[in-house]
Amino acid sequence: MSSLGPLRSSVGIREIIAMRGELDRLQLQLATGRRAESFADLGGGRSPSLNARAKLADISAYGQTIDQLEVRLSVIQASLGRIDKIAGEQRGENLSTHFLPVDNSQTAQQKAAFQRLQEMIGLLNQDVDGRKLFSGRRTDTDATVSADILLNGSPPRAGLRDVIVERNRADRGVDGLGRLAITTPTATRVTLDETASGPFGFKITGAGGTIDNATITDAIGPPRSVAVDFTGVPSAGSTVRVTLAMPDGTSTTLSLRATAGTPGSSEFALGTDATTTATNFRTALQTEVQRLVTGELVPASTMVAADGFFTVDDTTFPRRVLGVPETATGFDPGDTRLTTVVWYTADGGADPARATSVTRIDTSVTVGYGLRANEQGIRSVIANLAAFAAVDFNPTDPNVQLSYASLSLKVRDRLGDKSGQTVTAIQSEMVVVQQSLKSAEERHTASRSLLGNLLEDVEGVSKEEVATRILELQTRLQASYQTTAMLSRMSLVEFLR
Amino acid sequence: MSVSALSSAISGLRASQAGMGLIAQNVANADNPNYTRKSLESRTQAIGERVVGVRSTTAQRSLDTLLQRTLRTEVAGGSYADVRARYMDRLDALYGPPGSGSALDAMFSAFTGALQGLATSPESPTARGRVLSEANILAQRINGISEDIQALRLETEQGIGDAVARLNDALQRLSSIDRQIIANSGGGGNPVNLLDQRDAAINEIARLVDVRVDVNQDNSVAVFTRSGMLLYDRMPVVLEFDQRASLTPNSVYDTNAAVRSVGTIMLRAPNGLAVDMLAQGAFRAGEIAGLVSLRDDVLPNAQRQLDEFAAGLARSLSDRAVAGTATTLGAQAGFSLDVTALQPGDAITLTIRDGATARTVSIVRVDDPTMLPLPQTATARPDDQVIGISFAGGSAAAAAAIQTALGANFQVDSPVAGTIRFLDDGAPNLSDVTAASAIVTETSLAGTTAALPIFGDIGRSPPIYSGSFEGRSQLVGFAQRIGVNPSLAADPSRLVLIGNATAVGDPTRPNALLDRLTKSTRLFGATDGLGSPSAPPSATVASFVQRMVASQGQQAETAKRLSEGQEVVVNGLQTRFDASARVNIDEEMARLIELQQTFQASARIISTVDEMMRALLQT
């Protein structure tokens, strides 16, 4: 630059203006910590920046999802843990099988079962941030009806108590022989016959014994029939045994022992000849069958009634007896929801319950954590508690002790049943989901810091670098100002007099 | 002798005064960028061998004409690059500052984030509301960017009008100065100051248009555009620009004046000839060319990209696949397809073999016969044959039209209303129908699949976007009209509930919608910077928005670089030009001292001659 000529339009001044602009830009960078205010200025970092931003937004959305899921899963785990504990407590109490009613018809254990039923229903219906966790897809609906409606029904719909009573009647039959018939076709022949009872009552599955002067015939039928033909007087101690299957899949053995003295329970008196022995045998057989009906068949009937009541979904309706219970031979094939309370009120689809709440927690990871209260593991606990709480005993019934003990033990056994799905199994599935959440969260944390660093590199500026550049620019700018000022003064004009 | 000395000295005084006058003029104009330095040459006055004094010639301009020509060319390039860089920087800014919540990509992410939230809590009214509000914000942002793009276009339109007015002005000025120059140039005259003014006028023109300047014998000039159109030769042409008051995405330039919906520059020559300068491609550099390229190229391209994005966003959510059913008729095999849900713009895709060639045919529903035949670019797919068919007359009429289009090797009919059957020729085996399917636009909120028209064309009734060609392409300017489907806004539960049997907590639909945006790739129409017609961009909607923003940033950066590079060139040339043509005060001062000394010396001689004369006369 020999001389400046017109200052404001000279290239030198434009350089100074450019430097000044650069200084302003650096100052802005220092203030915002950002390299660029537009995508154009980002240069080569544009695509990485856009990409990283989108990923960070995804991660943040996944992060929110994971936070919500963690809350839900911890509630689920706590609830399932409590349900499992409830089942364990009830099992412990049911070790005591003595019938000691506290209000004439129910024991303290049964009262406790009712309390637990209520607690469990509370757990299944709890609301976590506007969401029912045990209702499958219908997250806005309670999973179950209240304990009161469940047990007592809601007219015109029958509750569990009604269903149990109905089923008990169907299993008992008209004469309380568990739908079996005792006949004496000849004076010396006593038969125990199945009747046309469909699924109800006792079913003969075998017969035998050690007895002389009599033959035991097991006619497969149908109807299956066991006949004892007395040809003389058997020796004392001879036994006749008939195995009887009950509706809940268990079986019991009817056993009658010949005695020369006064017959006690499960004994028949030997007569003087075949005919009197047959008559005695018939009487003892009737008493024994009736005892087994009250003591064994009715508890089994209760359990199976509860199963039928609780096993429901969108296509399976509560199981009800068709027609007059005592003579019924089948179940109501119609829509029993019109006549019966459906305890599970939420989503009852046929697909796996886990698939009812599926959420993406990472680009390629989804977790299913949906639950339905009618899943076998949960249903089994509620069904057994409810069945136990629903039954009223008649303390004057001579077989009440046997009946209560049988029911109590059945409930205990079934609460501890490990076949099929259990609450613990559901808990383990949830643990797997929780682990997925945790590892996804760890991945997200790692990605977030990685992407953050990347963005920092691409979009951010190092304060040191900017400060250094500002210093350098300042020096250049000052030098330019000075030389420009000097040059503009160093004109001949200044020196002319 | 002394008399001769006196006259020489007096002529010296006169020359010095003239020189000082010029220096004063130079110094006074040191600041004027259009002023070139003037100088005088002294010439000896002699009579025979006898020197009688000194005489100043007329003022000369100090000018490097080659440099001036180069500078003008580069200035035209510079103003072209500069105007493009300025507008493209503003265009880029529309997509938002990087990393800001108001950036388009961030708003899209917020929308997908809301869908993710809904998939987590489908029953939550808050989550549903959030999806709708994020969708609304996104749609409004797209509308806003689109409107801003059109506003920028309108600015360029006004800019062209302004530039044309300035050009006419400069041409008029040039004309009047040039006439004076011709008048003053007679008899060896050199009207330097007029020449400066004329250069200034030409420089003004050169900033607007790239020009070539020829100087005629009589010192007048002729100005042409570099493309060869005459702008001035004795008489200036008049340029007319029929500026439009508003521009929409549908406003395009066309050589056909009846179709054209933006302004064009008409040149009216003095002989009455009128030429459409844009049709001739007359402007290659300069501000006008920059503005035209922005109006007709850069900004419409940005609009097309945004339209593609809006269409992809809407259609990715509302597309529903309809599969063909394999069917036979005697020996003929093929497919039958349910076309009841086919909306205008929806396409049936046929894979066929006709003779030896296998090809894909896209049958697009176009009920408006004026839009037929469809261009092959009507679908983004590059390898298909596009046939537009009217379904207005029912499936039988449509089948007949398709039959005509496909030829005798195929049998196309409609055995049942609403179904079209595509069959090959059977035994001669000249043709095959390999596959038939359709992608239809779901119009119902309930539907049977996850497809949900969250976004629609608010400008239409019903507000459905299906990329139709009824009257005009629905795609063009869709970005300006995209909005949240009003019926969905009235019933947000449909974000979750597919049918009435769907449970409120069912995450199927939200998850599927999210996957459609972030996982499923689709073909987008090719635009500058994003794919080519033979290889259109295939991307998820999520990655397309990133690519679009990056592409705009890239273009803005390139434009900025070009402009900066051009500025360096122009500055370099300007510096060199200034060194020769502009006033240097030092130089002028040095000359002033010289002249002062000459003046003093001449004055001294006169006073000496005076003393000598007095002495002579007194003795």
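Of the candidates A:S79, A:S60, A:S74, the single residue that is within 14 Å of chain B (Cβ to nearest Cβ) and polar (S, T, N, Q) is A:S60. Scanning segment B:368-414 for residues that are at pLDDT 90 or above, crowded, with 19+ Cβ neighbours inside 10 Å and either part of a loop (DSSP other than H, G, I, E, B) or among the aromatic types (F, W, Y) (or both) turns up B:F391, B:F410, B:S414. Can you name the residue in segment A:206-222 that is closer than 12 Å to A:T191 by Cα and among the small types (G, A, S) and, of all such residues, is surrounded by the most Cβ atoms within 10 Å (Cβ to Cβ)? Among them, the one singled out is A:A207.
Against the list (1) within 30 Å of B:R90 (Cβ to Cβ); (2) in a helix (DSSP H, G or I); (3) out of contact with any Ser or Thr (no Cβ under 8 Å at 6 or more places or on another chain); (4) hydrophobic (A, V, I, L, M, F, W, C), the condition A:A54 fails is (3). Please enumerate the residues belonging to segment B:283-332 that are without any contact (Cβ under 8 Å) to a residue 60 or more places away in the chain and among the hydrophobic types (A, V, I, L, M, F, W, C). The answer is B:A326, and nothing else.
Evaluated against (1) touching a helix residue (DSSP H, G or I) at 6+ places or on another chain (Cβ under 9 Å); (2) more than 30 Å from B:T434 (Cβ to Cβ); (3) in a helix (DSSP H, G or I), B:S251 falls short on exactly one condition, (3). Summed over segment B:194-217, the residues that are part of a helix (DSSP H, G or I) and in contact (Cβ under 8 Å) with a residue 60 or more places away in the chain give a count of 10. Checking the structure you have, find out if any residue of segment B:493-515 is within 30 Å of B:N250 (Cα to Cα) and either at pLDDT below 90 or within 40 Å of the chain's Cα centre (by Cα) (or both). No, segment B:493-515 contains no residue that is within 30 Å of B:N250 (Cα to Cα) and either at pLDDT below 90 or within 40 Å of the chain's Cα centre (by Cα) (or both). Where helices (runs of 4 or more DSSP H) sit wholly within segment A:389-497, those with at least 2 residues that are on the phi < 0 side of the Ramachandran plot and among the small types (G, A, S) occupy A:400-415, A:423-459, A:463-489. Tallying residues that are out of contact with any helix residue (DSSP H, G or I) (no Cβ under 7 Å at 6 or more places or on another chain) and either outside any loop (DSSP other than H, G, I, E, B) or under 29 Å from A:S408 (Cα atoms) (or both) within segment A:362-379 yields 3.
When A:Q64 is tested against (1) polar (S, T, N, Q); (2) free of Cβ contacts under 8 Å to residues at least 12 places away in the same chain; (3) over 27 Å from B:A119 (Cβ atoms), only condition (3) is not met. Only a single item in (1) under 23 Å from the mean Cα position of the chain (by Cα); (2) at the interface with another protein chain (Cβ under 8 Å from one of its Cβ atoms) is not met by B:A526, and it is number (2). Within segment B:315-322, the presence of at least one residue that is of a type in the set (K, R) and either assigned to a helix (DSSP H, G or I) or crowded, with 24+ Cβ neighbours inside 10 Å (or both) is confirmed.
Here is a yes/no grid of residues against (1) of a type outside the set (K, R); (2) more than 30 Å from A:T139 (Cα to Cα); (3) touching a Cys at 6+ places or on another chain (Cβ under 8 Å); (4) facing another protein chain (nearest Cβ under 10 Å):
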{"residue": "B:P510", "(1), (2), (3), (4)": "yes, no, no, yes"}
{"residue": "B:D515", "(1), (2), (3), (4)": "yes, no, no, yes"}
{"residue": "B:T521", "(1), (2), (3), (4)": "yes, yes, no, no"}
{"residue": "B:G531", "(1), (2), (3), (4)": "yes, yes, no, no"}
{"residue": "B:S543", "(1), (2), (3), (4)": "yes, yes, no, yes"}
{"residue": "B:M548", "(1), (2), (3), (4)": "yes, yes, no, yes"}
{"residue": "B:Q554", "(1), (2), (3), (4)": "yes, yes, no, yes"}
{"residue": "B:Q566", "(1), (2), (3), (4)": "yes, yes, no, no"}
{"residue": "B:N584", "(1), (2), (3), (4)": "yes, yes, no, yes"}
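Out of the residues in segment A:294-310 meeting the condition of being β-branched (V, I, T) and touching a helix residue (DSSP H, G or I) at 6+ places or on another chain (Cβ under 6 Å), tell me which one is farthest from A:N394 (Cα to Cα). Here the answer is A:T302.
Among the conditions (1) more than 8 Å from every other protein chain (Cβ to nearest Cβ); (2) surrounded by 14 or more Cβ atoms within 10 Å (Cβ to Cβ); (3) closer than 30 Å to B:S11 by Cα; (4) modelled with pLDDT of 85 or more, the only one that B:L617 does not satisfy is (2). Inspect all residues belonging to segment B:7-15 and state whether any of them is surrounded by 19 or more Cβ atoms within 10 Å (Cβ to Cβ), in a helix (DSSP H, G or I) and touching an Asp or Glu at 6+ places or on another chain (Cβ under 7 Å). No, that holds for no residue.
For (1) touching a Cys at 6+ places or on another chain (Cβ under 9 Å); (2) farther than 29 Å from B:N584 by Cβ; (3) of a type in the set (D, E, K, R); (4) more than 12 Å from every other protein chain (Cβ to nearest Cβ), each residue gets a yes or a no:
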position	(1), (2), (3), (4)
B:S42	no, no, no, yes
B:R50	no, yes, yes, yes
B:G77	no, no, no, yes
B:S102	no, yes, no, yes
B:G113	no, yes, no, no
B:E123	no, yes, yes, no
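Among the residues of segment A:140-173, those that are within 14 Å of chain B (Cβ to nearest Cβ) and touching a residue at least 60 places away in the same chain (Cβ under 8 Å) comprise A:T141, A:D142, A:A143.
Considering only segment A:121-238, give the strands (runs of 3 or more DSSP E) lying wholly within it that have at least 1 residues that are closer than 27 Å to A:N384 by Cα and modelled with pLDDT of 90 or more. Ranges flagged: A:203-210.
Kindly indicate whether any position in segment B:68-91 is part of a loop (DSSP other than H, G, I, E, B) and among the hydrophobic types (A, V, I, L, M, F, W, C). Taking every residue of segment B:68-91 in turn, none turns out to be part of a loop (DSSP other than H, G, I, E, B) and among the hydrophobic types (A, V, I, L, M, F, W, C). Kindly establish whether B:A542 is of a type in the set (A, V, I, L, M, F, W, C) and at pLDDT below 90. So B:A542 fails the test. Checking each residue in segment A:90-122 for being closer than 16 Å to A:L409 by Cβ and of a type outside the set (A, V, I, L, M) picks out A:Q90, A:R91, A:G92, A:E93, A:N94, A:S96, A:T97, A:H98, A:F99, A:T107, A:Q109, A:Q110.
Kindly indicate the residue of segment A:264-318 that is touching a residue at least 60 places away in the same chain (Cβ under 8 Å) and not in a helix (DSSP H, G or I) and also farthest from the chain's Cα centre (by Cα) among those meeting that condition. Checked segment A:264-318; the qualifying residue farthest from the chain's Cα centre (by Cα) is A:P318. Across segment B:169-182, a minimum of one residue is classified as surrounded by fewer than 16 Cβ atoms within 10 Å (Cβ to Cβ), within 21 Å of B:V83 (Cα to Cα) and not aromatic (F, W, Y).
The values are calculated or read from the model by the stated rules, or taken from the named source; none is laboratory data. Small disclaimer: the values here were computed from a predicted structure and weren't measured. Because the Cβ atoms are built from the backbone with ideal geometry, glycine has one as well, and the counts that use them run over all protein chains shown.
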